[in-house]
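Structure record follows, encoded as structure tokens.
The values are calculated or read from the model by the stated rules, or taken from the named source; none is laboratory data. Bear in mind that the values here come from a model prediction, so they are computed numbers and not experimental data. So basically every Cβ, Gly included, is an ideal-geometry build from the backbone, and we count neighbours across all protein chains shown. All accessible areas refer to the heavy atoms of the entire protein, side chains included, with ligands and DNA or RNA removed. Shrake-Rupley method; radii C 1.70, N 1.55, O 1.52, S 1.80 Å.
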Amino acid sequence: MSVIVTDNGFQADDFTCGFVARDEAAANDCDYGIDLPSDTAPDMLAGLNNAAMIRIDFPSSADGRGFTLAAMLRRAGYKGRLRAKGHVLADQYAMARRSGFDEVEIDDTLAARQPEDQWQFRADWRNHNYQARLRG
């Protein structure tokens, strides 16, 4: 089972169409979601703007490549839902939101270890941006 984390706290997953790998997306007639591994090459992001959701895998909390992929997708004009999945920690939630993610998908084990209040503490990610404090 998994838990979806948003600025409003823990939620159940409301995305019902499912996910396919990037190379299977063209054959799917549904408002599909696309699963991207963290080692996706930047040139493979082209042509994904019509996906209902893109879910980027975080195989380790030390693997930050997903943040870069999210930022690149947003800069390329992707307007759909963007989800981080896997080993994203509560401490990384603000970075995930600032890089373009709308939500984070974690497993029940991580949700038990880092309960909702730890994620909610970081939900005010716009006001706790050290870069903005340095600029202003």
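Taking the criterion of being modelled with pLDDT of 95 or more and of a type in the set (Asp, Glu), the residues of the stretch 19-62 that qualify are ASP35, ASP39, ASP57.
Within the stretch 94-123, if we keep just the residues that are free of Cβ contacts under 8 Å to residues at least 60 places away in the same chain, part of a loop (DSSP other than H, G, I, E, B) and open to solvent by 10 Å² or more (accessible area, probe 1.4 Å), the residue that is farthest from PHE58 (Cα to Cα) turns out to be PHE121.
Scan the stretch 49-93 residue by residue and report those that are part of a helix (DSSP H, G or I), among the aliphatic types (A, V, I, L, M) and surrounded by fewer than 20 Cβ atoms within 10 Å (Cβ to Cβ).
Filtering the stretch 49-93 for residues part of a helix (DSSP H, G or I) gives 65-75, 90-93.
Checking the rest, the ones that are also among the aliphatic types (A, V, I, L, M) come to 69-73, 90.
Result: ALA71, MET72.
Restricting to the stretch 33-47, and then to whatever is open to solvent by less than 30 Å² (accessible area, probe 1.4 Å) and touching a helix residue (DSSP H, G or I) at 6+ places or on another chain (Cβ under 7 Å), can you tell me which residue is farthest from ASP23 (Cα to Cα)? Per the criteria, the residue is SER38. Say whether the condition of being among the charged types (D, E, K, R), assigned to a strand (DSSP E or B) and either over 26 Å from ASP124 (Cβ atoms) or in contact (Cβ under 8 Å) with a residue 24 or more places away in the chain (or both) is met by at least one residue in the stretch 23-44. Yes: the stretch 23-44 contains one or more residues that are among the charged types (D, E, K, R), assigned to a strand (DSSP E or B) and either over 26 Å from ASP124 (Cβ atoms) or in contact (Cβ under 8 Å) with a residue 24 or more places away in the chain (or both).
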